[in-house]
Each structure stands twice: as structure tokens, then as C-alpha cells.
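Have a look at the structure below, then the notes.
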Amino acid sequence: MLVDGKWNGDWQPVQAKDAKGGFVRQESSFRNWVTPDGRPGPTGEGGFAAEPGRYHLYVALICPWASRTLIARRLKGLEGAIAVTVVEPVMTGQGWRFGDYPGSGPDLVNGATYLHEIYTRADPHYSGRATVPVLWDRAKRTIVNNESADIVRMFNAGFGALAESSLDLYPSDIAREIDALNDQMYGGLNNGVYRAGFATTQVAYEDAFKQVFATLDALEARLADGRRFLFGDRFTESDIRAFVTLVRFDVAYHGVFKCNRRRIVDYPALQAYLLRVLDGNGIRETVSIDHIKRGYYAIKSLNPNGIVPLGPDIPGLTDRA
């Protein structure tokens, strides 16, 4: 991680833990918002107006948080306005690296070798982990935001006429219900799998494990009435949040994170939902099963020899994505 702008030691997946040995996720540090007229958003300062070609998105295809932003960018038709650079899937001793692994690319915006260099360009004294996603402002030469939840909502409503208006990922009439479901999924599933995988005590692991499957059971029950998406026929940001974890579950979390009570293919409604979302509106193009498997199974603290499993074979998922 970075300490006062200097890289300090090899990358480690767990930077903090609670009293029970549970994984504690770092809070995002850059919280400015792009808005149609450049006025301040819900957090941060103003001056970040929506303009085509001004902003650049750094992501990792292994990362569910970064993938949220890729999906929102795709669904909101912002691909022409916001370019993307994808880091390599395997974390190095200095964190995320730009390179030539298939599906990745060099940093043509800032000429960096490692993502942490982007952070120190924005703040020479930055301390903390250099995480994805990162939304970079070419005009101000700084990071706008590195919180995926913010970036998704920015892409939904912050780019004005540059974005597709027919889809609202956060409709006001069900905003409270979306927030409530998001909170449930974050603690129990999205971050829950990480709490299980990076637990440093048995009690912390078992607590996270139980929450993961309680949340999956609840989502299965929610979808069992035949609805297309989590809020009926309306695709929202909650569906993005659910999807990015579900698509990684059987190929990564079930094995390397020890979330092995059941697989998503063992949940009929969830599996059908996963494939339905995957095949909608170009979302499959944001998914790389190769990057996901290579990235997660390269975490040395969980898989010291770095062996990547050949399976599983999941019809509709691993045979095409």
C-alpha cells in the first residue's frame, strides 16, 4: 500500500481486521462527482462538468466493484464519452499493473506502470490502497472518484444528455427500496464473500459464510415468483450489484473463498436470473471468466502455488464468457 505517497512493502489482501479477525474494507478516499453543469454532487467539490472525452475509467475485469461501473457505462451509452483502461488480472507486489495480458492494456493516459502511480499523481501524499475503479479527470489531472457506488450513480444521472435517458438505474419512486436491498446485499453477499475468504479466524469465517448463504436464499425466494429482475421488470443498480457477485461465485468464491455450501447453479431462480442478466444489453462483454479465475486464484495468501482450476463448466456462462 501507499504511505505518504510511497509504496510500502508487497501488496496484501487484508489491510485491516476487526476484533473477531474479520476482513474490514478500506473506505474510498476520492468522492467528487461529475454533474451536468459542474456543480458539486452529494459529496466533494464542484468543477467536474460532464464533457465528452474528459473522463477516463480505470478498471480490473476480475473486480466486481469495478465491473459495476463498466456495466453502468455500457447500459447508459457512455462508451463514446468515457474511455477505459483495464489492468492485468494478476495482482503484483505493487498492486494492479498495466500491461499486455489479453484483455488488458497499457496506460495511454498517464503513462503509468502501476495503478498506485495514478493515486500519487492525484495526491502526492496519499496513504492507503490503490483500488479500482478510478474515474480520472484529464482536464484537472486528478481522480474524481474511486467509489463504485458513486460512479454508477454518476453514470446514471451525472452526464446529462451524453447518457442514454430511457433507462433509469435508480428511479426515485423505489429509491428507498433499492437502498434497503443494496444494504442487505452488501453486508451479506457483495462484501460477505470477501469477509469469508479473507477471514483470519474460524468464528469470523463462519459468521460471514452463514450471512452469504442467508442472503442467497433470500434472493432465490425473491426471484421465485418469476420476476425478471429484483424489482420486477425494472432493471436497477441493485441488479448490477447482485450480478457482479453471482457471476464470480461458482468460478471463484465457491472455491478460493470457501463459500462452498451451494453453488449458484444449485439455485434455479438465481441461475436463470444470472444468465438472463448476462445476455442482456451487452453485459456479457464486460465479463471475463479468464480474468476472474486468474485473478482470484493468484492471491498467494489463499492459493500459494497459484494453480488455476480448469473448471467448472457452466453452460451459458463459462462456454461463452
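The values are calculated or read from the model by the stated rules, or taken from the named source; none is laboratory data. Remember, predicted model here, so these are calculated numbers, not experimental data. Note that we place each Cβ from the backbone using ideal geometry, even for glycine, and neighbour counts take in every protein chain shown. Ligands, DNA and RNA are stripped out before the accessible areas are found, and what is left, the full protein with its side chains, is counted by its heavy atoms. Shrake-Rupley method; radii C 1.70, N 1.55, O 1.52, S 1.80 Å.
Structural remarks
- Assuming charge only on the beta carbon of Lys and Arg (+1) and of Asp and Glu (-1), the dipole of the chain about its Cα centre is about 420 debye to the nearest 20.
- Mean shadow area of the stretch 56-142 over all directions, Cα convex hull, nm²: 5.7
- Measure of compaction for the stretch 274-321 (Cα Rg per 2.2 N^0.38 Å): 1.32
- Normalising the average separation of contacting C-alpha pairs (under 8 angstrom, six or more residues apart) by the number of residues puts the relative contact order of the stretch 57-186 at 25 percent.
- Taking the protein heavy atoms of the chain in the context of the full set of protein chains, the accessible area attributed to carbon and sulfur is 50 percent at 1.4 Å.
- Considering helices alone, the calculated mean residue ellipticity of the chain at 222 nm is -9500 deg cm²/dmol, with DSSP H runs of length four and up weighted by -39500 (n - 2.57) and normalised per residue.
- Measure of compaction for the chain (Cα Rg per 2.2 N^0.38 Å): 0.96
- Each residue of the stretch 206-219 was assigned a 3J(HN,Hα) from its phi angle through the Karplus expression (A = 6.51, B = -1.76, C = 1.60, θ = phi - 60°), giving 5, 4, 5, 4, 5, 5, 4, 7, 5, 5, 4, 4, 5, 5 Hz with x at Gly and Pro.
- Full extension of the chain segment joining Asp37 with Asp100 gains 19.0 nm, where the gain is 0.36 nm per residue of separation less the Cα-Cα distance.
- Taking amide H as placed 1.01 Å from N in the peptide plane, Asp168 has no amide H partner under 5 Å among residues 5 or more places away or on another chain.
- Relative compactness, the stretch 1-155, computed as alpha-carbon Rg over 2.2 N^0.38 Å: 1.02
- The convex hull around the C-alpha trace of the stretch 191-321, projected and averaged over every direction, spans 7.8 square nanometres.
- Were the residues from Glu79 through Glu177 laid out at 0.36 nm apart, the gain over their Cα-Cα distance would be 32.4 nm.
- Relative contact order of the chain, defined on C-alpha pairs under 8 angstrom at six or more residues apart (%): 19
- Considering only Cα atoms, the convex hull volume of the stretch 159-218 works out to 111 Å³ per residue.
- Label positions at Glu27 and Ala214, each projected 7 Å from the Cα along the C-beta direction, are separated by 2.5 nm.
- Remark: the stretch 53-101 carries 26 Å² of accessible area per residue (probe radius 1.4 Å; ligands, DNA and RNA excluded).
- Length gained when the stretch Thr200-Arg261 is fully extended (0.36 nm per residue, less Cα-Cα span): 20.0 nm
- Sites Ala221 and Asp279, calculated FRET efficiency, Cβ-Cβ separation with R0 25 Å, nearest 0.05: 0.60
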